[in-house]
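J.: Sharing a structure, written as structure tokens. Questions coming.
The values are calculated or read from the model by the stated rules, or taken from the named source; none is laboratory data. These numbers come from a predicted model, not from an experiment. In this analysis, Cβ positions are derived from the backbone assuming ideal geometry, glycine residues included, and neighbour counts consider all displayed protein chains. The accessibility values were calculated without ligands, DNA or RNA, using every heavy atom of the protein model including side chains. Shrake-Rupley method; radii C 1.70, N 1.55, O 1.52, S 1.80 Å.
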Amino acid sequence: MQSNMSFQSASKSSAIEINKVLKNTYMLLSMTLAFSAVTAGVSMAMNLSHMVALVMMLAAFGLMFVVNKKADSASGVYWIFGFTGLMGASLGPMLNVYAAMPGGPAIIMQALGGTALIFFALSGYALTSKKDFSFMGGFLMTGLIVVLVASLANIFFQIPALSLAISAAVIMVMSGLILFDTSRIINGGETNYIRATISLYLNIYNIFVHLLSLLGVLGNDD
């Protein structure tokens, strides 16, 4: 009887902890996304060059390792804002290109709306179903490697059809990662909300960039 009560107490404590991680993750995710939007807007207003955007993205990836290292300390929150701020700012030059296209602002809004729809639908499904999507880990990792190799190859070959295929593949892989990462939080596989936030942020970021690319090509074909 006592061991049963202890088990129930431990289960309740675990559920409270998971809910706390989930709540903190979504709160921090919403704030970092909003901050990224602000820095992207500032970058657009300053009309920064693509070279500056590349430098900021490289700096952001450097910060990503710092965020993971500092994730267990209070300073991790400041580092993640530095990372997401640079990632948002690096989008400025690309967004300016799309904004200057015929119907460009509408394409940007469609990409934002599509990204939000994908994220809320998939994370909502993972939250309500409470399914364990850890089995997808190997498949998703393989998908990431294939996409990375194809992207590097296309830098040299510059095949438009391959670019479209890569963008579609990235959206599919990142969608799978939303299910995988959300499932890890729900099932206690990820207990650090800073690391959980950075994972979900990168999923959303990549879906937006590649959805924008797809919509831009389709818009030009019309």
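J.: Please specify each residue of the stretch 124-154 satisfying the condition of being among the β-branched types (V, I, T) and in contact (Cβ under 8 Å) with a residue 24 or more places away in the chain.
T.: V147
J.: Does F157 qualify as being open to solvent by 100 Å² or more (accessible area, probe 1.4 Å) and either free of Cβ contacts under 8 Å to residues at least 24 places away in the same chain or within 12 Å of S175 (Cα to Cα) (or both)?
T.: In short, yes.
J.: Turning to a different aspect of this structure: Among residues belonging to the stretch 105-133 that are among the β-branched types (V, I, T) and open to solvent by less than 60 Å² (accessible area, probe 1.4 Å), point out the one that is nearest to I204 (Cα to Cα).
T.: Applying the filter and picking the extreme gives T115.
J.: Quick test for you: out of S49, S43, S30, S36, pick the one residue that is closer than 28 Å to P105 by Cα, in contact (Cβ under 8 Å) with a residue 24 or more places away in the chain and under 17 Å from the mean Cα position of the chain (by Cα).
T.: S36
J.: Output the residue which, of all residues in the stretch 181-216 that are open to solvent by 40 Å² or more (accessible area, probe 1.4 Å) and over 22 Å from G88 (Cα atoms), is modelled with the highest pLDDT.
T.: Taking the candidates together, the pick is R184.
J.: While we're looking at this one, here's another question. Can A100 be described as under 20 Å from S213 (Cα atoms) and modelled with pLDDT of 95 or more?
T.: In short, no.
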